[in-house]
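Q: Take a look at the following structure, please.
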Amino acid sequence: MLHLLKRHPWRVQAHFDWSLALVFALPVEKLRPLLPPGLEPDTYGEWGFVAAAFVQTRRLRPSWAPSWMAQDFFLAGYRIFVRSTLPDGRRRRGLYILGSDTDSRRMVRLGTVLTHYGYRLRIVNMVKTDEQLSLEVRQPAGQVEVSLQASLTPATSPPPDSPFPDLVTARRFAGPMPFTFSHEPETNSLVVVEGARQHWIPRPVSVQVQHLAFFQREPFASQGLPLLANAFYVEDVDYQWARGVVTPITPSNANA
């Protein structure tokens, strides 16, 4: 019965001080085994995509909760760009959760109880100016998870060797996507959460990634850091998520 709590049971609202999303391109066949039935990689040519998003979040709370219950925290999220087909034939585009990191013990506890998002506790060191963002994320024992620097001056093209020919194409995979998906194995269902935002105007930026431990673990470890396809930065955004909707995986969408 505990899985019934993990369905993102309430509408939630928050403010993003800033968000930096890096999208990495991988061969699509590398991503398919990571997805449950009912989801397929969202592709461009032969490539699928994994987002590593880093967000300074403020005032997150259920919509029914008083302001004193809101919490501020850092979030790092790792997601695959996916598509899903509903039983009635409609198509959804979104992100499938692989894992989430935060510097808030409270968020780890609540996220573990109320979602399938896989929250882990991390220590975050961040220095931000108008021109640059330096970010380091560590495990509690000290191992480095993330080390990067981003120039916040708008970039004029996608990163070198990106599969995207231009920024217009790259922006299709800039996030956030309309829907977030997680898998409920107890009922063979997808839990689908729809998001909505205001003033989301991402700008392309240049990023130097020194270390990203997520891609040093299986099933990615054999290939090193994947190809950086795009990097977008946004700030001062109000965001809200609807309560989760359970969609059974049926023959019509399992083979989408």
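The values are calculated or read from the model by the stated rules, or taken from the named source; none is laboratory data. Note that the structure is predicted; figures quoted are calculated from it, not measured. Cβ: placed from backbone, ideal geometry, glycine included. Neighbour counts: every protein chain shown. Quick note on the areas: whole protein, heavy atoms, side chains included, nothing else; ligands and nucleic acids left out. Shrake-Rupley method; radii C 1.70, N 1.55, O 1.52, S 1.80 Å.
Every residue, every condition in (1) among the aliphatic types (A, V, I, L, M); (2) at pLDDT 95 or above; (3) farther than 19 Å from residue 53 by Cα; (4) out of contact with any Asp or Glu (no Cβ under 9 Å at 6 or more places or on another chain), yes or no:
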{"position": "147", "(1), (2), (3), (4)": "no, yes, no, no"}
{"position": "177", "(1), (2), (3), (4)": "yes, no, no, no"}
{"position": "206", "(1), (2), (3), (4)": "no, yes, no, yes"}
{"position": "215", "(1), (2), (3), (4)": "no, no, no, yes"}
{"position": "222", "(1), (2), (3), (4)": "no, no, yes, yes"}
{"position": "241", "(1), (2), (3), (4)": "no, no, no, no"}
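Q: Could you please find all residues in the range 49-98 being farther than 24 Å from residue 150 by Cα, open to solvent by 60 Å² or more (accessible area, probe 1.4 Å) and either of a type in the set (Lys, Arg) or touching a residue at least 60 places away in the same chain (Cβ under 8 Å) (or both)?
A: 59, 83, 87, 90, 91
Q: Now for a separate question. Does the range 35-48 contain at least one residue that is assigned to a strand (DSSP E or B), within 23 Å of residue 246 (Cβ to Cβ) and either open to solvent by 10 Å² or more (accessible area, probe 1.4 Å) or not hydroxyl-bearing (Ser, Thr, Tyr) (or both)?
A: Narrowing the range 35-48 to residues assigned to a strand (DSSP E or B): 40-41, 44, 47-48.
Now narrow it down to the ones that are within 23 Å of residue 246 (Cβ to Cβ): 40-41.
With the extra rule that they be either open to solvent by 10 Å² or more (accessible area, probe 1.4 Å) or not hydroxyl-bearing (Ser, Thr, Tyr) (or both), the set shrinks to 40-41.
Yes; the residues of the range 35-48 include at least one that is assigned to a strand (DSSP E or B), within 23 Å of residue 246 (Cβ to Cβ) and either open to solvent by 10 Å² or more (accessible area, probe 1.4 Å) or not hydroxyl-bearing (Ser, Thr, Tyr) (or both).
Q: Which ranges mark the strands (runs of 3 or more DSSP E) fully within the range 138-256 that have 3 or more residues being open to solvent by less than 50 Å² (accessible area, probe 1.4 Å) and farther than 30 Å from residue 89 by Cα?
A: On the way: elements: 144-151, 179-184, 189-198, 206-212, 227-241, 245-248.
The qualifying strands (runs of 3 or more DSSP E) are 144-151, 206-212, 227-241.
Q: Restricting attention to the range 70-113, which residues are modelled with pLDDT under 95, among the small types (Gly, Ala, Ser) and not in a strand (DSSP E or B)?
A: Answer for the range 70-113, where residues must be modelled with pLDDT under 95, among the small types (Gly, Ala, Ser) and not in a strand (DSSP E or B): 70, 89, 111.
Q: Would it be correct to say that residue 127 is open to solvent by 80 Å² or more (accessible area, probe 1.4 Å) and part of a strand (DSSP E or B)?
A: Details: open to solvent by 80 Å² or more (accessible area, probe 1.4 Å): yes; part of a strand (DSSP E or B): yes.
When the stated conditions are applied, residue 127 passes them.
Q: Suppose the filter is hydrophobic (A, V, I, L, M, F, W, C) and either without any contact (Cβ under 8 Å) to a residue 40 or more places away in the chain or touching a helix residue (DSSP H, G or I) at 6+ places or on another chain (Cβ under 8 Å) (or both); does residue 164 pass it? Don't jump to the end; show me each part of the working.
A: Working: hydrophobic (A, V, I, L, M, F, W, C): yes; either without any contact (Cβ under 8 Å) to a residue 40 or more places away in the chain or touching a helix residue (DSSP H, G or I) at 6+ places or on another chain (Cβ under 8 Å) (or both): yes.
So residue 164 fits the description; yes.
Q: Here's a follow-up. What number of residues within the range 3-18 satisfy the criterion of being surrounded by fewer than 16 Cβ atoms within 10 Å (Cβ to Cβ), in contact with an Asp or Glu (Cβ under 8 Å, 6 or more places away or on another chain) and either part of a helix (DSSP H, G or I) or hydrophobic (A, V, I, L, M, F, W, C) (or both)?
A: 1
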